Amino acid sequence: MIFLKHYQTDMMLVLIGALGLVTILIILTKTLSKSKRRDLLFMSLCSMLILLADIEAYRYRGNESVAGFWMVRICNFLLFFLLLLYIYAFNMYIMDALFDEEKNKKIPLGLIVSKIIILIGALLVIISQFTGLYYTFDEHNRYQRSQGFVIGYIFPIAVLIIQLFTIVKHRKALSRGIYISLLIFTIMPLLASVAQAFAYGLSLINMTMVWMVIILYFFAVVDMNKKVEQARKLEMDYLIKEKGQLREFLKQVSLAFAKTIDMKDEYTNGHSFRVAKYTAELSKELGYDADTVERFAYVALLHDIGKIGIPDEILNKPEQLTDEEFGIIKSHTTLGYNVLKDISMIPEIADGAGYHHERPDGKGYPNGLKEDEIPRVAQIIAVADTFDAMYSDRKYRKRMNFEKAVSIIKEGSGTQLKADVVDAFLRLVDKGMLKAPDDDGEGSMTEINNIKE
């Protein structure tokens, strides 16, 4: 006890420094609501002023100069008055904590009663300055407790007790961390008040208040970080769900367009789906991950979308096409690219439509691209497209012999088709993974999904 009395001024100076740091942190912590930051700042500043007033009261105690006369009276007044302001700020903090959870829209009666008691207590502090109700000063300018000194403690203690019951009553409206911090805030000053009543000369309440501000700030930040993390998780879950829904929508739209394309070209019914299936198999064989395999399959589904813009009499002409008509047919790559180029969800989607007839030797169309100038997805689709064109039935002919179709693909390696994609194609042939397509031309993405997995 003697040790604490001797060094308590030094301890208070250390606590003031700690409060200064906490005050800066409160200002910088933007994750806290404005109302909570306001309340915590108010409590922190009140605590600092109380400690400074306490230090100065001890410093000028017994000083009989004019400055000592006024400093002792002003500092002791501030000790009582600022304590009530501090508790008022805590009252506001409880209210803000309840409202932050949006489960309690009505101000609890206990908090209203607390405000009234604090107001009465503040008036009595002012009155005591003229009546000596709480304390007086002897002829040597030393602080002396009066008979009404206990009243000065009753008001803060009564408010803390009411706040404690209010917190417990509304605990379900509070997060666990905030609830614990509020309990600590109300219980510890009550214990300090009891201890100080028997330890004259020690500022236990004032020093306890500092730790309460720090504890409130710590739990508030921890609680807010948890809420931010939960919000981020909810946002991520929502984005993942939304992405899944968009992918499903894209899948269905792609299938619908693919069927529309194939219905327009009566000689290639089911072609788009089969090319997508072969593209998925080739992409997996080339080592692409599941998402890329699926994405490339979507691109392949729409590789012939430009054919929608080709006149039916040319697209479905049973006789040999003229050079002019073939030029119109070739324009389906440019038409398809222009249709799909603004779809950002799958960046490569326009590349598949625009460049699947390009060749590594530069003799393809529409741009005469060479080797790696050709987008990767278009290189893969080119092999799948070429194989299906040969190895599928048409109304004007039966599909080519499998071995001959494979032989032609092999011969085109490095000139008409990208060499490493052809190598992947041949490996699939050796594994027996290229099967004859369904004659009905129908399909879904189920087989492609099975391939990518």
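The values are calculated or read from the model by the stated rules, or taken from the named source; none is laboratory data. Because the structure is a prediction, the values reported are computed rather than measured. So basically every Cβ, Gly included, is an ideal-geometry build from the backbone, and we count neighbours across all protein chains shown.
How about region 145-164: which of its residues are touching a Gly at 6+ places or on another chain (Cβ under 6 Å) and farther than 18 Å from Y134 by Cα?
Going through region 145-164, the residues touching a Gly at 6+ places or on another chain (Cβ under 6 Å) turn out to be 146, 155, 162.
Within region 145-164, just I162 meets the criteria.
Sort out which residues of region 154-186 are assigned to a helix (DSSP H, G or I) and over 21 Å from L109 (Cβ atoms), and write them in order of number.
Step one: filter region 154-186 for residues assigned to a helix (DSSP H, G or I), giving 154-169, 171-173, 176-186.
Once the filter is applied, which keeps residues that are assigned to a helix (DSSP H, G or I) and over 21 Å from L109 (Cβ atoms), region 154-186 yields R176, G177, I180, S181, I184.
For a quick check of your reading of the model, give me the residue pairs whose first member lies in region 23-49 and is under 11 Å from A89 (Cα atoms) and of a type in the set (A, V, I, L, M), whose second is at pLDDT 90 or above and part of a helix (DSSP H, G or I), with beta-carbon atoms closer than 6 Å and at least 6 apart or on different chains.
Sorted first by the residue in region 23-49, then by its partner, the pairs are M43/Y86; M43/A89.
In the same structural domain as K36 (by TED's automatic domain parsing), modelled with pLDDT of 90 or more and farther than 19 Å from D96 by Cβ - does that describe any residue in region 162-184?
No: zero hits.
Of all the residues that make up region 279-302, how many are of a type outside the set (A, V, I, L, M), modelled with pLDDT of 90 or more, out of contact with any Phe, Trp or Tyr (no Cβ under 6 Å at 6 or more places or on another chain) and closer than 21 Å to T260 by Cβ?
Selection size over region 279-302: 1.
So which of D351, D385 ends up being buried (at least 20 other Cβ atoms within 10 Å of the Cβ), in a helix (DSSP H, G or I), more than 40 Å from the chain's Cα centre (by Cα) and assigned by TED's automatic domain parsing to the domain that holds D420?
D385
Mind checking whether some residue in region 164-173 is surrounded by 13 or more Cβ atoms within 10 Å (Cβ to Cβ), of a type in the set (S, T, N, Q) and at negative phi?
Yes: one or more hits.
From (1) outside any helix (DSSP H, G or I); (2) at pLDDT 75 or above, pick out the condition that doesn't hold for E229.
E229 satisfies all of (1) outside any helix (DSSP H, G or I); (2) at pLDDT 75 or above except (1).
Here is a list of conditions, (1) touching a residue at least 60 places away in the same chain (Cβ under 8 Å); (2) under 22 Å from G287 (Cα atoms), and S392 meets all of them except one; can you say which number that is?
The single condition S392 does not satisfy is (2).
Hey, can you tell me all the residues within region 127-147 that are under 30 Å from Y93 (Cα atoms) and not in a helix (DSSP H, G or I)?
Initial filter on region 127-147 (under 30 Å from Y93 (Cα atoms)): 127-129, 134.
Selection gives Y134 alone.
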